[in-house]
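Visitor: Just passing along the structure, written as structure tokens.
The values are calculated or read from the model by the stated rules, or taken from the named source; none is laboratory data. Here the structure is a predicted model, which is why all the values come from computation and not from measurement. A quick note on method: Cβ atoms are made from the backbone with ideal geometry, for glycine too, and the neighbour counts reach across all protein chains shown.
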Amino acid sequence: MRQKTLLVIVSVLAAALNPFVAQALAVQVVDVVWGSPENPERAIPGDENIQLSMVIANVGNKPVCTLEAVIIPKYGSDLPIESWDGSGTLNAFHTGQLQPGTMATLVFHVNVASGYQPGTYEADAKITYRECSSTSDLLPRGQLTTTISLRIFQPPALRLVRSAWIVDGVERPVGPGTGLAVLRLFLEAPSKTSVRSVEAQLTLPSSLAHPSGENRLSDTYLDTVPAGGFFTLDFPLVIPSDVRLGTHEFELELRFKNKYGTTVTQEMSFTAEVTGREEVEVSARPQNLRRGAGADLSLTVENTGTAPAHNVEMEVRSDSPKIQVLLTKTTLGVINPGQELEVKVPLYVDRTAEAGIYSVTSLLNYQDGLGNRWSKSFKTSFTVSEEFRAGVKVSASQAFVQAAATTPLTINVTNTNPFTITEVKITLSSSGSFLTIVEGATTASLSRMLSNAVHSMPVKVLATPQAGDSIGILRAQVEYKDEAGERWVESVDIPLAVRADIEIRFKGVQLSPLKVSPGETVDVAGDIVNEGANVARAVSAEVVGEPPFEAMGESRAFVGAVNPSQVSAFTLNFRVGENARPGRYQVTVKAVYKNGFGETFIKETTLNYEVVVADTRTTPQTQGQAPVVVNQSFIMVAVAVFAVIASAYLMVRRRRRAG
């Protein structure tokens, strides 16, 4: 508009200064705008009493007056506007003088017909005027008819800036089980016109519909919103416990009036997120603390909601002067849904505290997904008693030592207190005569030990043969001062299982026969000797192997207990498969036994045997007869029978001679 006006002004001045171009009387339509040239507006179908401004310039060299403009339809067409006062004539006047090179604005008040669609319509503007400088009684008249364009705009639209969930008056995420929440819509008025009397109908998705089946909510905003201004609409609804997480789509129908009272209807769709809601809780199991000492109060922080809790911090305060919280603030960071964190809060119970129930207050500070800060407080109760609870832990690097031998091991002393202990003195000793520390330092002095710090003491322990299959005890005595300067003495027994001295070996294990035929049985015989100093329990012998080995009923034999230096015999057998091929094969003889702790041990030895083809003999064959195979054992029996008969015959003959 400004550029067009400047161009017209330049052309007006040029025409006025050029004697060959300038005319005595001449006007020109510079622009036609809704509203005013300084504040243009947009007319829509149905607007009433809207201002239409026509800017006219005097491009002649004489002043003009009695300027009148009339808007008439083009031939064969209708106007999309009509006179506001119902007079039927669209005219406007300028009563003052219009000097050469100046402009005047003629104002029409019109109604825009509601039956016309948005678009550009052409009309004729007929402008009449008179010369004001003439001395004649009848002032000269001038007239201009020109085409103007009238643009009817689309109805204005509200813009949805964003949506938000409001719970308890604060914007925050929602999730299953949130309950009552408000869906707040932030809307912006059109930039070219104000709006008022906004009515809204919100259609809910089926996932968020009321249990009664109602799925429409309404709200109104009756005040006037200036052009480009903002306002909100609120729709309260209930978030059910079974709502799905994710995006939900809503339908919104809006009805509002613009500056000229024209009702505009608008529909839009938008989405809102159900991302879940964090629910952070603090719980604790029953705990018993001893007075006059420090201890950790174990608290569990859990997010039972459906969204992460961010920047979680926990501050613990004592509810009694007899209980001191040694570390009041703990940073936990992000706690995801379903996640549990165990927080150990170091406390010190005054030695003058009476036995009973005490409590601390835990204050949880965290942020939701939108950055809002929230706080919750929880009370945790615990019992204070005089029961002794160890502040140090003593353990050995291994649980077993060997009887009749020296075993190296490491004794580890751990400060399990939640604080640093000072003036620490550690003394190691053996209990009884069967277990003795024979090498390594048995005492240690430390100026301080941090919480969870470990001090290691390497030693060598000798266990006598008589200690086999028993539990030996080493004793550790730890003296220290706690954070309050109180001195404590704790004695801890270190149990060590002494493995028995058992040395099993085989003696004289043999196979018989060493060369066998397919299908033949092989005997296994030998002795089990215990060369150790302790009893071998539940001893058994068995023979195993790969095919053609076949187990028989006596492939395993139970021997029983074998005392030191005792020799126990065993006999086993197995069968060679009928389909065995000639060759050399192996079997494994195992001795399985246990010690007094039920541990199982195995001793093995390997034996070889050979499979050969069976021996056979044949008798001479007669042509036409099948060969006859004579068994060797049958021949031996026949020879014996013949010998008996011959002996009997000789005895009878001798008797006859004697007679």
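Visitor: Just wondering, is there one or more residues in the stretch 372-391 that are over 30 Å from Ala444 (Cα atoms), within 28 Å of the chain's Cα centre (by Cα) and hydrophobic (A, V, I, L, M, F, W, C)?
Guide: Within the stretch 372-391 (the criterion being over 30 Å from Ala444 (Cα atoms), within 28 Å of the chain's Cα centre (by Cα) and hydrophobic (A, V, I, L, M, F, W, C)), the answer is yes, since at least one residue qualifies.
Visitor: Is it true that some residue in the stretch 242-261 is assigned by the TED database to the domain that holds Ser362 and modelled with pLDDT of 90 or more?
Guide: In the first step, residues of the stretch 242-261 are kept if they are assigned by the TED database to the domain that holds Ser362; the result is none.
No, that holds for no residue.
Visitor: With a cut-off of at least 3 residues that are under 40 Å from the mean Cα position of the chain (by Cα) and in contact (Cβ under 8 Å) with a residue 40 or more places away in the chain, name the strands (runs of 3 or more DSSP E) lying wholly within the stretch 181-244. Explain how you work it out, then say what you get.
Guide: Details: elements: 195-203, 216-221, 230-239.
Per the criteria, 195-203, 230-239.
Visitor: Would you mind stating whether Ala209 is modelled with pLDDT of 90 or more, of a type in the set (Gly, Ala, Ser) and either in the same structural domain as Lys259 (by the TED database) or surrounded by fewer than 14 Cβ atoms within 10 Å (Cβ to Cβ) (or both)? Write out each step before concluding.
Guide: On the way: modelled with pLDDT of 90 or more: no; of a type in the set (Gly, Ala, Ser): yes; either in the same structural domain as Lys259 (by the TED database) or surrounded by fewer than 14 Cβ atoms within 10 Å (Cβ to Cβ) (or both): yes.
Against the criterion (modelled with pLDDT of 90 or more, of a type in the set (Gly, Ala, Ser) and either in the same structural domain as Lys259 (by the TED database) or surrounded by fewer than 14 Cβ atoms within 10 Å (Cβ to Cβ) (or both)), Ala209 does not qualify.
Visitor: Being touching a Phe, Trp or Tyr at 6+ places or on another chain (Cβ under 9 Å), surrounded by 14 or more Cβ atoms within 10 Å (Cβ to Cβ), among the aromatic types (Phe, Trp, Tyr) and more than 22 Å from Val170 (Cβ to Cβ) is true for just one of Tyr358, Tyr366. Which residue is that? Full working, then the answer.
Guide: Working: Tyr366 fails: more than 22 Å from Val170 (Cβ to Cβ).
Result: Tyr358 is the single residue among Tyr358, Tyr366 that is touching a Phe, Trp or Tyr at 6+ places or on another chain (Cβ under 9 Å), surrounded by 14 or more Cβ atoms within 10 Å (Cβ to Cβ), among the aromatic types (Phe, Trp, Tyr) and more than 22 Å from Val170 (Cβ to Cβ).
One line per residue, one yes/no per condition, for (1) closer than 18 Å to Glu483 by Cβ; (2) in the same structural domain as Arg448 (by the TED database); (3) in contact with a Gly (Cβ under 9 Å, 6 or more places away or on another chain):
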| position | (1), (2), (3) |
| --- | --- |
| Ala396 | no, yes, no |
| Ala404 | no, yes, yes |
| Thr407 | no, yes, no |
| Thr416 | yes, yes, yes |
| Phe419 | yes, yes, yes |
| Thr422 | yes, yes, yes |
| Thr427 | no, yes, no |
| Ser430 | no, yes, yes |
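Visitor: On the given criteria, is Arg277 part of a loop (DSSP other than H, G, I, E, B) and in contact (Cβ under 8 Å) with a residue 12 or more places away in the chain? Spell out the reasoning first.
Guide: On the way: part of a loop (DSSP other than H, G, I, E, B): yes; in contact (Cβ under 8 Å) with a residue 12 or more places away in the chain: yes.
Yes, satisfied.
Visitor: Just to be sure, is Glu251 touching an Asp or Glu at 6+ places or on another chain (Cβ under 8 Å), among the acidic types (Asp, Glu) and farther than 30 Å from Tyr221 by Cβ?
Guide: Values: touching an Asp or Glu at 6+ places or on another chain (Cβ under 8 Å): yes; among the acidic types (Asp, Glu): yes; farther than 30 Å from Tyr221 by Cβ: no.
Answer is no for this residue.
Visitor: Which residue is nearest to Ser470 (Cα to Cα), if the candidates are limited to the stretch 522-562 and must be at pLDDT 90 or above and assigned to a loop (DSSP other than H, G, I, E, B)?
Guide: Selected residue: Glu546.
Visitor: Which residues, counting only those in the stretch 40-66, are of a type in the set (Lys, Arg) and touching a Lys or Arg at 6+ places or on another chain (Cβ under 9 Å)?
Guide: So the first thing to find is which residues in the stretch 40-66 are of a type in the set (Lys, Arg), and the list is 42, 62.
The one that is of a type in the set (Lys, Arg) and touching a Lys or Arg at 6+ places or on another chain (Cβ under 9 Å): Arg42.
Visitor: Out of (1) modelled with pLDDT under 90; (2) among the hydroxyl-bearing types (Ser, Thr, Tyr); (3) surrounded by 14 or more Cβ atoms within 10 Å (Cβ to Cβ), the odd one out for Thr352 is which?
Guide: Exception for Thr352: condition (3).
Visitor: Turning to a different aspect of this structure: Out of the residues in the stretch 179-211 that are hydroxyl-bearing (Ser, Thr, Tyr) and out of contact with any Pro (no Cβ under 9 Å at 6 or more places or on another chain), which is farthest from Thr224 (Cα to Cα)? Steps first, please.
Guide: Start the filter on the stretch 179-211 by keeping residues that are hydroxyl-bearing (Ser, Thr, Tyr), which leaves 191, 193-194, 197, 203, 206-207.
Of the ones still in play, those that are also out of contact with any Pro (no Cβ under 9 Å at 6 or more places or on another chain) are 197, 203, 206.
On the way: Ser197: 7, Thr203: 25, Ser206: 34 Å.
Applying the filter and picking the extreme gives Ser206.
Visitor: When only residues in the stretch 28-53 that are outside any loop (DSSP other than H, G, I, E, B) and hydrophobic (A, V, I, L, M, F, W, C) count, which is farthest from the chain's Cα centre (by Cα)? Lay out the reasoning, then the answer.
Guide: Taking the stretch 28-53 and keeping what is outside any loop (DSSP other than H, G, I, E, B), we get 28-35, 40, 50-53.
Now restrict to residues that are hydrophobic (A, V, I, L, M, F, W, C): 29-30, 32-34, 50, 52.
Working: Val29: 71, Val30: 68, Val32: 64, Val33: 61, Trp34: 59, Ile50: 61, Leu52: 64 Å.
Among those residues, the one meeting the criterion is Val29.
Visitor: Could you tell me which numbered condition Asn417 fails, if it satisfies all but one of (1) in contact with a Ser or Thr (Cβ under 7 Å, 6 or more places away or on another chain); (2) closer than 30 Å to Arg317 by Cβ; (3) surrounded by fewer than 19 Cβ atoms within 10 Å (Cβ to Cβ)?
Guide: Here Asn417 meets the rest and fails (3).
Matching residues to (1) at negative phi; (2) exposed (fewer than 14 other Cβ atoms within 10 Å of the Cβ); (3) of a type in the set (Phe, Trp, Tyr); (4) touching a Cys at 6+ places or on another chain (Cβ under 6 Å):
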| site | (1), (2), (3), (4) |
| --- | --- |
| Ile152 | yes, no, no, no |
| Glu171 | yes, no, no, no |
| Gly177 | no, no, no, no |
| Arg184 | yes, no, no, no |
| Glu188 | yes, no, no, no |
| Ser194 | yes, no, no, no |
| Glu199 | yes, no, no, no |
| Thr203 | yes, no, no, no |
| Thr220 | yes, yes, no, no |
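Visitor: Restricting attention to the stretch 102-118, does a residue exist that is exposed (fewer than 12 other Cβ atoms within 10 Å of the Cβ) and closer than 24 Å to Pro45 by Cα?
Guide: Looking only at the stretch 102-118, we keep the residues that are exposed (fewer than 12 other Cβ atoms within 10 Å of the Cβ), and these are 115, 117.
If we keep only those that are closer than 24 Å to Pro45 by Cα too, we end up with 115, 117.
Looking for residues that are exposed (fewer than 12 other Cβ atoms within 10 Å of the Cβ) and closer than 24 Å to Pro45 by Cα, one finds at least one in the stretch 102-118, hence yes.
Visitor: Restricting the stretch 58-102 to residues that are small (Gly, Ala, Ser) and assigned to a loop (DSSP other than H, G, I, E, B), which is modelled with the highest pLDDT?
Guide: Quick first cut of the stretch 58-102, residues small (Gly, Ala, Ser) only: 60, 69, 76-77, 83, 86-88, 92, 96, 101.
Then drop every residue that is not assigned to a loop (DSSP other than H, G, I, E, B), which leaves 60, 76-77, 86-88, 96, 101.
Details: Gly60: 89, Gly76: 86, Ser77: 89, Gly86: 82, Ser87: 82, Gly88: 80, Gly96: 88, Gly101: 92.
That would be Gly101.
Visitor: Which one is farthest from Ala404 (Cα to Cα), of the residues in the stretch 447-470 that are among the hydrophobic types (A, V, I, L, M, F, W, C) and surrounded by 13 or more Cβ atoms within 10 Å (Cβ to Cβ)? Even if it seems obvious, please write down each step before you answer.
Guide: Looking only at the stretch 447-470, we keep the residues that are among the hydrophobic types (A, V, I, L, M, F, W, C), and these are 449-450, 453-454, 457, 459, 461-463, 467.
This time we only want the ones that are surrounded by 13 or more Cβ atoms within 10 Å (Cβ to Cβ), so: 449, 453, 457, 459, 461-463, 467.
Details: Met449: 36, Ala453: 34, Met457: 23, Val459: 17, Val461: 11, Leu462: 7, Ala463: 6, Ala467: 8 Å.
Top of the filtered list is Met449.
Visitor: Now for a separate question. Being without any contact (Cβ under 8 Å) to a residue 60 or more places away in the chain and surrounded by 13 or more Cβ atoms within 10 Å (Cβ to Cβ) is the filter here, so list the residues in the stretch 545-563 that pass it.
Guide: So the first thing to find is which residues in the stretch 545-563 are without any contact (Cβ under 8 Å) to a residue 60 or more places away in the chain, and the list is 545-547, 549-563.
Matches in the stretch 545-563: Gly545, Phe549, Glu550, Ala551, Met552, Glu554, Ser555, Arg556, Ala557, Val559, Ala561, Val562.
Visitor: In this structure, does Asn258 turn out to be closer than 30 Å to Glu41 by Cα and polar (S, T, N, Q)?
Guide: On the way: closer than 30 Å to Glu41 by Cα: yes; polar (S, T, N, Q): yes.
So Asn258 fits the description; yes.
Visitor: Moving on to the next point. Hey, can you tell me all the residues within the stretch 239-266 that are in contact with a helix residue (DSSP H, G or I) (Cβ under 8 Å, 6 or more places away or on another chain) and loosely packed, with under 15 Cβ neighbours inside 10 Å? Break it down stepwise before answering.
Guide: Our first condition is that a residue be in contact with a helix residue (DSSP H, G or I) (Cβ under 8 Å, 6 or more places away or on another chain); within the stretch 239-266, this holds for 239-240, 243-244, 248.
Matches in the stretch 239-266: Arg244 only.
Visitor: When you go through Glu273, Glu302 one by one, which is the residue that is modelled with pLDDT of 85 or more, of a type in the set (Asp, Glu), surrounded by 13 or more Cβ atoms within 10 Å (Cβ to Cβ) and within 30 Å of Val384 (Cα to Cα)?
Guide: Values: Glu273 fails: within 30 Å of Val384 (Cα to Cα).
Exactly one of Glu273, Glu302 is modelled with pLDDT of 85 or more, of a type in the set (Asp, Glu), surrounded by 13 or more Cβ atoms within 10 Å (Cβ to Cβ) and within 30 Å of Val384 (Cα to Cα), namely Glu302.
Visitor: Let me ask something additional. Considering every residue within the stretch 208-215, establish whether at least one is within 20 Å of Glu249 (Cα to Cα) and touching a helix residue (DSSP H, G or I) at 6+ places or on another chain (Cβ under 9 Å).
Guide: Yes, some residue in the stretch 208-215 is within 20 Å of Glu249 (Cα to Cα) and touching a helix residue (DSSP H, G or I) at 6+ places or on another chain (Cβ under 9 Å).
Visitor: Given the condition in contact (Cβ under 8 Å) with a residue 24 or more places away in the chain, under 15 Å from Leu52 (Cα atoms), surrounded by 12 or more Cβ atoms within 10 Å (Cβ to Cβ) and among the acidic types (Asp, Glu), answer yes or no: does some residue in the stretch 124-145 qualify?
Guide: Yes, the conditions are met somewhere in the stretch 124-145.
Visitor: Mind listing whichever residues of the stretch 564-573 are exposed (fewer than 14 other Cβ atoms within 10 Å of the Cβ), at pLDDT 90 or above and among the polar types (S, T, N, Q)?
Guide: Once the filter is applied, which keeps residues that are exposed (fewer than 14 other Cβ atoms within 10 Å of the Cβ), at pLDDT 90 or above and among the polar types (S, T, N, Q), the stretch 564-573 yields only Thr571.
Visitor: Just need a number here: residues in the stretch 511-544 that are under 30 Å from Phe597 (Cα atoms) and surrounded by 15 or more Cβ atoms within 10 Å (Cβ to Cβ).
Guide: Just the residues of the stretch 511-544 that are under 30 Å from Phe597 (Cα atoms), to begin with: 525-544.
Narrowing the set further to residues that are surrounded by 15 or more Cβ atoms within 10 Å (Cβ to Cβ) leaves 526-530, 532-543.
Count: 17.
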